[in-house]
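Notes to accompany the following structure.
The values are calculated or read from the model by the stated rules, or taken from the named source; none is laboratory data. Since we're looking at a predicted model, the values are computed, not measured. Please note: Cβ atoms are built from the backbone with ideal geometry, for glycine as well, and neighbour counts cover all protein chains shown. These accessible areas exclude ligands, DNA and RNA; they are computed on the full protein's heavy atoms, side chains included. Shrake-Rupley method; radii C 1.70, N 1.55, O 1.52, S 1.80 Å.
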Amino acid sequence: MGGGGSVKEVQSKAELDKIVADGSPAILHFWASWCEASKHMDQVFSHLSIDFPHAHFLRVEAEEQPEISELHSVSAVPYFVFFKEGKAVDTLEGADPSSLANKVAKIAGSITPGDPAAPASLGMAAGPSVLEAIQELSRENGAPQVSSSGLDDQQTKRLQQLVSSHPVLLFMKGTPEEPKCGFSQKVVDILKKEKVKFGSFDILTDNEVREGLKKFSNWPTYPQLYCKGELLGGCDIVITMHESGELADVFKDHGVGVSDSLETTPNKTVGGKGGISEQSGLSTALTTRLAGLINSSLVMLFMKGTVDEPRCGFSRKVVDILKQEKVEFVTFDILSDDEVRQGLKVYSNWSSYPQLYIKGELIGGSDIVLEMQKSGEFRKVLTEKGIHQKVSLEDRLKNLLNSSPVMLFMKGTPDSPRCGFSSKVINSLKEEGVDFGYFDILSDEEVRQGLKTFSNWPTYPQLYYKGELVGGCDIVLELHSGGELKSTLSE
């Protein structure tokens, strides 16, 4: 039985499973209340549900249903999953009304057998009818008009101004001086070899530009290189054009001159998105408090819930990434303090949570952190900022045990033993002519107590060979007197 021309709010995974299991076509929209693109696409979604009454149109608030969001690997909204015959067969990320209509038509087919597809299902051909409906609703609600790219007029205008702001403009991760991905680095190097003056824009500082430009240019990845407002392409295309000499020809044809002393234009963040607003309108007290919180730890995560009990899937993903990277971090539950929750959005000019800061600088939300981890950029950023992996006590002990084939944990040093038992073991090893490493357990209480538990041996000294416990003083003396110590430590 189909959805009957309406959108149903899914409240649990069990409910979703039951609906999908009946085999009818189903489309699931993951949305968020803070995301304008989600709201616009939801209106398109509702319009399509009328055109296709025999399909299930389902909606899930992504942050409120983390189990469902994680099941479908949702890291950004709007996001759509398409089901047919009980299985997920397709997905769509981003605000693209025409693609949504086409994909719905593909799995839902005609309204009734033998009938042509409904107008909205024609996608690009009949896309304006869908957009007309959403624009009418937007006008009624005072919302921005939405173009065929899924961007409103203001976003489109801003992006057009950006891509045309320099004869040659590179949208990249990081800056020409400090690229934050290898692909961006390659394109910067090529532009320098071409001796072309170029402007740059760091898309990691502005999520609105980062996501919007993908739709504006119909190009899903970064970097993106523009010449006189026209997209040339990404890293692979630029490399190919450079190697063939075509890139130099394009610059020449567009009247872009070369310079003997290349000076790149510092990237600009139009509108201040992603930076710290100097004129935020926040009180001095709140501004001071927020700055203090952000800088209270080298790695600071503002999230929903706690590390042990995240309250949204996006927060959980960032926590998991930080744990995987073995980074020490502090969290702040924004659900516990509405002043911080609302104030930080203004302070950072970033509208959603979680928000991750490293040494007081905003890195971004879950999608940016996830993408950076996948590309290896996140580890590189941590290293550059002097954030080292946290080594567990167990790993530290294993490293110590394996730092020398023969390893003695003792009180004091071989030259100055601090107990008679340690002194006796030292003398036995020297008499046997055995080379060994040592660790003074009096210098590190964590190791001293931890090794007792790790080895299940309560006293010192402790002698190890190739990471395995040989024993304490009595066993070592017994092996020495029996002529077995050297052979035991050389097997």
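Remarks
- Subset tally (residues that are over 17 Å from the mean Cα position of the chain (by Cα) and either within 15 Å of LEU370 (Cβ to Cβ) or open to solvent by 10 Å² or more (accessible area, probe 1.4 Å) (or both)) for the range 50-70: 10
- Condition met for LEU356 (within 15 Å of ILE368 (Cβ to Cβ) and open to solvent by less than 30 Å² (accessible area, probe 1.4 Å)): yes
- Qualifying residue in the range 211-224 (condition: modelled with pLDDT under 90, over 28 Å from LYS345 (Cα atoms) and among the charged types (D, E, K, R)): no
- The residue list PHE421, PHE378, PHE436, PHE454 contains one member that is under 30 Å from PHE302 (Cα atoms), touching a residue at least 24 places away in the same chain (Cβ under 8 Å), among the aromatic types (Phe, Trp, Tyr) and in contact with a helix residue (DSSP H, G or I) (Cβ under 8 Å, 6 or more places away or on another chain), which is PHE378.
- Residue check, ILE363 more than 30 Å from GLY450 (Cα to Cα), assigned to a strand (DSSP E or B) and within 14 Å of the chain's Cα centre (by Cα): yes
So that you can scan it fast, the table gives a plain yes or no per residue for (1) closer than 22 Å to TRP34 by Cβ; (2) of a type in the set (Lys, Arg); (3) modelled with pLDDT of 85 or more:
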site: ASN295; (1), (2), (3): no, no, yes
site: PHE302; (1), (2), (3): yes, no, yes
site: ARG316; (1), (2), (3): yes, yes, yes
site: VAL327; (1), (2), (3): no, no, yes
site: VAL330; (1), (2), (3): no, no, yes
site: LEU335; (1), (2), (3): yes, no, yes
site: ASN349; (1), (2), (3): yes, no, no
site: SER375; (1), (2), (3): no, no, yes
site: VAL391; (1), (2), (3): no, no, no
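- Residue count, the range 76-102 (criterion: among the hydroxyl-bearing types (Ser, Thr, Tyr), open to solvent by 30 Å² or more (accessible area, probe 1.4 Å) and modelled with pLDDT under 85): 1
- Qualifying residue in the range 310-333 (condition: among the hydroxyl-bearing types (Ser, Thr, Tyr), surrounded by fewer than 17 Cβ atoms within 10 Å (Cβ to Cβ) and not in a helix (DSSP H, G or I)): no
- With a requirement of 1 or more residues that are in contact with a Cys (Cβ under 6 Å, 6 or more places away or on another chain) and buried (at least 18 other Cβ atoms within 10 Å of the Cβ), the helices (runs of 4 or more DSSP H) lying completely within the range 400-491 that satisfy it span 420-431.
- Qualifying positions in the range 457-484 - of a type in the set (Asp, Glu) and closer than 15 Å to VAL434 by Cβ: GLU484
- Only one entry of VAL340, VAL346 meets the criterion of being in contact (Cβ under 8 Å) with a residue 40 or more places away in the chain, in a helix (DSSP H, G or I), over 23 Å from GLU178 (Cβ atoms) and open to solvent by 40 Å² or more (accessible area, probe 1.4 Å), and that entry is VAL346.
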